[in-house]
Amino acid sequence: MNALPPILSLNASCDESLSWLKEHLPAAGLRMVQTFDLQAARLTLDDCPCPHHGTRKCDCQMVILLIYGSAAEPATLILHGNDGQTWLSLVSTLTQHPNPLLRWTIEQALQTVPLE
């Protein structure tokens, strides 16, 4: 799991969780832009064993999404998963803090996740 506290834990792969988000976040008036995919990044490296599994072939995944609502600035949502489990975390630091209404809208949209 990543170092950010998860706002949701799903019993589904990262790919399944991402597919669900792509279908359902727009229904809540949210737009998302994917900015990073760990498995795609690993394809460019010849020797990149998984730190969790110790092999090149693993199901570890990390996806970073920018989530836009009516606020000018997006929120950053991180999906981190392995072994059929996915954790979703919203980035909230001193330099990047999501708009409270946007955070609330994201959290409300995630409450309807059928993958739990």
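Once each part is reduced to its C-alpha centroid, what is the distance from the stretch 1-44 to the stretch 93-113 in angstrom?
Here the answer is 14 Å between Cα centres.
When ranked by the protection proxy of mean other Cβ atoms within 10 Å per residue, highest first, what sequence do the peptides 28-40, 75-87, 98-110, 9-21 form?
75-87, 9-21, 98-110, 28-40
Give, in nm to one decimal, the length gained when the segment between THR112 and ALA28 is fully stretched (0.36 nm per residue of separation minus the Cα-Cα distance).
Values: separation 84, 0.36 × 84 = 30.24 nm, distance 1.06 nm.
Contour length minus the Cα-Cα distance gives 29.2 nm.
Subtract the Cα-Cα distance of ILE7 and TRP104 from 0.36 nm times their separation in residues, and report this length gain in nm to one decimal. It would help to have the intermediate numbers written out before the result.
On the way: separation 97, 0.36 × 97 = 34.92 nm, distance 1.15 nm.
Using 0.36 nm per residue and subtracting the Cα-Cα distance, I get 33.8 nm.
With r as the distance between the Cβ atoms of SER70 and THR95 and R0 = 25 Å, compute the FRET efficiency 1/(1 + (r/R0)^6) and round to 0.05. Let's see the in-between values first.
Working: r = 22 Å, r/R0 = 0.88.
Given R0 = 25 Å and the Cβ-Cβ separation, E is 0.70.
We did not get these values from a lab; they are worked out from the coordinates using the rules stated. From a predicted model like this one, the values you see are computed outputs, not experimental measurements. Backbone-built Cβ (ideal geometry, glycine too); neighbour counts: all protein chains shown.
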